[in-house]
Amino acid sequence: MKHIPILSNPYMMRLFRYLPPYKWLIIGAAVAMVVGGGASSLIALVLGKLTDMGFYDKDPSVIYWAPIALIGISILHGGSQYLSQFLLVRVSQSVLVQVRTLMFDRVLHWDNRLIQENKCARIQAKFINEASTALGGAASIMTTIIRDSLQIVCLVCVLIYHNWRLTLLTFVVAPLLAILLRWVNKRIKRLTTQTQNIFGQLIGTLQESYEGQRVVKIYDGYEYETKRFFKVNNTLKDLSLRTQRVKAAATPLTQLISMSAVSVVVVVALLQAQSGSLTMGEFTTFLSAMLLLMPPIRHLSTLNGSTAAMTAAAESIFQTIDAEPEKDPGTGELVNYRGAVRFENVSFTYPRQEKSAVENFTLDVKPGEMIAFVGSSGSGKSTLINMIPRFWAPTKGEIYFDGVPQSELTLASLRSQIALVSQEVIIFDDTIAGNIAYGCKDRVTREQIERAAEAAALTDWLATLPDGLDTQVGNAGNRLSGGQRQRISIARAFLKDSKILLLDEATSALDTESERHIQQALDSLLKGRTSFVVAHRLSTIRNADRIVVMQNGRIVEIGTHEQLMAKDGVYHNLYSLQFSSQNEG
Ligand code: ADP
Ligand code: MG
C-alpha cells in the first residue's frame, strides 16, 4: 500500500537478525495483533447489522445483544493490544541490551585512529539516544505494521465484499498518499541525522565546560560557554521543531486526502441508496469501515516518520559496530621473554598527515637497559613510546622483541610484557586497591597490592586515610593530588611487574617536591627492566644507559650522559640550558 522504509533499509533489517531467540514472544504478540486487528473490522459489521435489524426490522433482541457485542469486541481489542505491546517491549528491550553490549565491546577495541576520529560525546550520544531510538520504538512500530496493516486488509475486505465498485473508487487516492509519505520520510530522515549530530555536540559542549570549570572560572569563560551552549541548544530546538512540523503536517494531510475519498464515496453511496440499490445497514457498514480505516492509515503515515528516525539511528549504531576494530592478526606468544627490543628502520606517519613523526629509527636495546629519549617537543618521543605496545603500528619497519617481530605477536601477549606510566594518569571509579590492581583484581593477593603500594611510596599517605587501601577514590579521582594519582599508577606498574617499562613524562605534571618523592619510587621500578624514559628534567635521566637525542623524528645523537656532554652537541646545549635556568630559578 505504501513505501515502508523499515523493510528496505539494510541496517534496520540487521536489527531483525537479533529476533530469532524471541520468536515465541513475537509469535504471541502477532497472534494478539491478529485478534485485535480482526476485532476492529467486526465493529463495522456489527454496526451495519445493528442498523438493519434495529431500524428496519425493529428486532427487539438487538437492544440486548448490541451492547454486549460492542463491549465484547472492545475487550477483545483492548486485551490483545495490551498483550501485544507488553510482549514486544520485552523483546525490544532485550535486543537493546544486546546491541549496547556489542557497541561497548566494539568501541573498547577500537584503535587509536578511530578513537581520535570519534569524539567521545558523539559516542555517548549513540549509547544514550540512538540505541534507544532505534530499538525503543521498534516494538510500537512492529505493532503498527502488523496490526494496522491487518486492520486495513480486513476493513478493505469488508468494503470490497459489500460494494466493490465503491471500494475501487477509494483507491484512487492511494498514489497521492504514497507520494506524500515518501516526501515526509525523506525529510525526517535527513533532519534526524542532523539532530543526532547536534545532540552529540550538546553533550560535548556540556562535558567540556563542566570538566574545564577551572579554566572557565579563571579566564572568565562564562559568556563564551553560555553562548556556545545557547547555540547548540537552540539548533537542537530548531531541528526538533522542523522535524515535528513535518510530522505534524503529515497527519492532517493524510486525513485530508482520505476524507476527500470518503466524500466521493458518500456521494456515490447516497446516489445508490436513492435508487434503492443500497440498504441503510450496508451504507452504515461501509461508512464505518471507511472511518475505521482512518486510524490505521494515520498510524502508518506517522510510522513513516518514526521509522525514518529509527533507520537513521540504526545506521549510526551499525556504523559504530562495523567500524574495524584494532588489527590483531599476530598469533605468536612471547614465552620466557628476556626483555630485548630492537627497532629496525621504523617510520611512522599519523593518519591524514604528510610529514612523518618518526623516520627510519633503528635501535638495539639489550634486556634491562634504560633508554632515555630527549628532544624538543614534537620530536617524536611519545610516538616512539606509543609504538612499543603497538598503540600505533609502525607504517614502515619492524620492532622485534627477543627477535620476534611485533606484527607476529598477539596484542595481548605483547602488552602483557609492558607497563606504562605517563603524564596523564587514568583513575577509575573504584577503591585505591582496585585501581592499583586494575585489570588483575582476581589474580593478585592483598599482600601483593600492599607491597606495590609500599614500593610506590603510598604507605604513609594511605595510613592517613580511614579506609586505607579500601578508600573509594570517586569519579575520575578528583579528590587526589597529582602526586597521589601518579603514585597509584606507579604502584599499578609495580604490581604488573613487566619486563618492559614505558615512562612518558611521568613526573612532568608534578611540582619539584613531589617529583623528588616519586623519583625514588620510579628508580626502584626501573631496576631490572628494559625501560624507555621520556623525562622533562634531564637530571632525572643522567644515569640512563643510553640517551637518544631526537629531532624531527630522527636520531641526532646517542650515547651516555658523559659521552654526549663531551661531544658538545645538541644534548650538551639542552643540558646547559636547563641547568643554568634551574640555577637562576
Ligand atoms: P614529543 O612526544 O616528542 O613531543 P610526539 O611524538 O608527540 O612528540 O609528536 C611528534 C609529531 O607528531 C609532532 O609533529 C606532532 O604534531 C605529531 N603528532 C603527535 N600526535 C599526533 C596525533 N595523534 N595525530 C597527528 N599528529 C600527531
Ligand atoms: Mg610527548
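Take 148-157, 501-510, 555-564 and order them by the average number of nearby Cβ atoms within 10 Å per residue, most first; the result is 501-510, 148-157, 555-564. Looking at the square roots a ≥ b ≥ c of the eigenvalues of the Cα gyration tensor of region 507-585, which shape do they give, rounded for a/c under 1.5, prolate if a/b is larger than b/c, or oblate? Oblate, since a/c reaches 1.5 and b/c is not below a/b.
Between the C-alpha center of region 373-425 and that of region 492-517 there is a gap of 17 Å.
Return one number: the angle in degrees, 0 to 90 and rounded to the nearest 10, between the long axis of the Cα atoms of helix 512-526 and the longest principal axis of the Cα atoms of the chain. So the inclination is approximately 90 degrees. How big, in percent, is the set of alpha carbon pairs in the chain lying more than 47 Å apart? Result for the distance tail: 40 percent.
Which of the lysines could a cross-linker bridge to LYS496, judged by Cα under 16 Å and excluding same-chain residues fewer than eight apart? Within the straight-line cut-off, LYS496 pairs with LYS441, LYS527. Principal axis extents of the Cα atoms in region 1-126, from largest to smallest and rounded to whole angstrom, are 82, 28, 25. Computed from Cα atoms, the angle from the helix 174-211 axis to the main principal axis of the chain rounds to 30 degrees. Projecting the Cα positions of LEU114, ILE73, PHE494 onto the charge dipole of the chain (unit charges on Cβ atoms of Lys, Arg, Asp and Glu, taken about the Cα centre) puts ILE73 furthest along the positive direction. Cα gyration tensor of region 173-255, axes a ≥ b ≥ c as square roots of the eigenvalues: rounded (a/c below 1.5), prolate (a/b > b/c) or oblate? It comes out prolate by the Cα gyration axes.
Here region 530-561 and region 221-289 have alpha carbon centers that stand 73 Å from each other. Using alpha carbons only, the radius of gyration of region 164-219 set against its Kirkwood radius gives Rg/Rh = 1.56. Compared with the rule-of-thumb size 2.2 N^0.38 Å for a compact globular protein, region 438-510 has a Cα radius of gyration ratio of 1.11. Its Cα gyration tensor gives region 208-269 an equivalent ellipsoid. The semi-axes, each the square root of 5 times an eigenvalue, are 54, 7, 4 Å from largest down. For the chain, the mean residue ellipticity at 222 nm estimated from helices alone is -20000 deg cm²/dmol, where every DSSP H run of n ≥ 4 contributes -39500 (n - 2.57) and the total is divided by all residues, rounded to the nearest 500. Note on the chain: dipole from Cβ charges, positive end direction compared against GLY482, SER580, ASN9; the farthest Cα belongs to ASN9. Expressed as a whole percentage, what fraction of the accessible surface of region 1-117 belongs to carbon and sulfur atoms when a 1.4 Å probe is rolled over the protein heavy atoms? It is 70 percent, rounded to a whole number. Using a 10 angstrom Cβ neighbour count of at most 16 plus a DSSP loop assignment to flag exposed trypsin sites (Lys or Arg not before Pro), which longest range of the chain is free of such sites? By the stated rule (loop sites, at most 16 other Cβ atoms within 10 Å), 120-326.
Once the Cα atoms are used to define both axes, helix 62-108 deviates from the longest principal axis of the chain by about 20 degrees. Counting only protein heavy atoms and a 1.4 Å probe, tell me what percentage of region 127-208's accessible area is made up of carbon and sulfur. Here carbon and sulfur together make up 70 percent of the probe-accessible area. Relative to a virtual label point 7 Å from the Cα of VAL444 in the Cα→beta-carbon direction, which members of region 499-513 show backbone nitrogen distances below 20 Å? From region 499-513, the list is 499-504, 506-507. Can you compute the label reach from LEU271? Point 7 Å from Cα along the Cβ direction, backbone N cut-off under 17 Å, restricted to region 141-170. Those under the cut-off are 163-170. Its Cα centre serving as origin, the chain has a Cβ charge dipole (Lys and Arg +1, Asp and Glu -1) of approximately 1900 debye. In this structure, the pairs whose alpha-carbon distance is over 19 Å, taken from LYS189/LYS237; LYS126/LYS217; LYS189/LYS247, are LYS126/LYS217.
Solvent-accessible surface of region 171-299, averaged per residue with a 1.4 angstrom probe and all protein chains in place: 61 square angstrom. Take region 440-585 with all the other protein chains still there, run a 1.4 Å probe, and you get 53 Å² of accessible area per residue.
The values are calculated or read from the model by the stated rules, or taken from the named source; none is laboratory data. These numbers were taken from a predicted model, which means no experiment stands behind them. In this analysis, Cβ positions are derived from the backbone assuming ideal geometry, glycine residues included, and neighbour counts consider all displayed protein chains. Note: areas computed on protein heavy atoms with side chains; ligands, DNA, RNA excluded. Shrake-Rupley method; radii C 1.70, N 1.55, O 1.52, S 1.80 Å.
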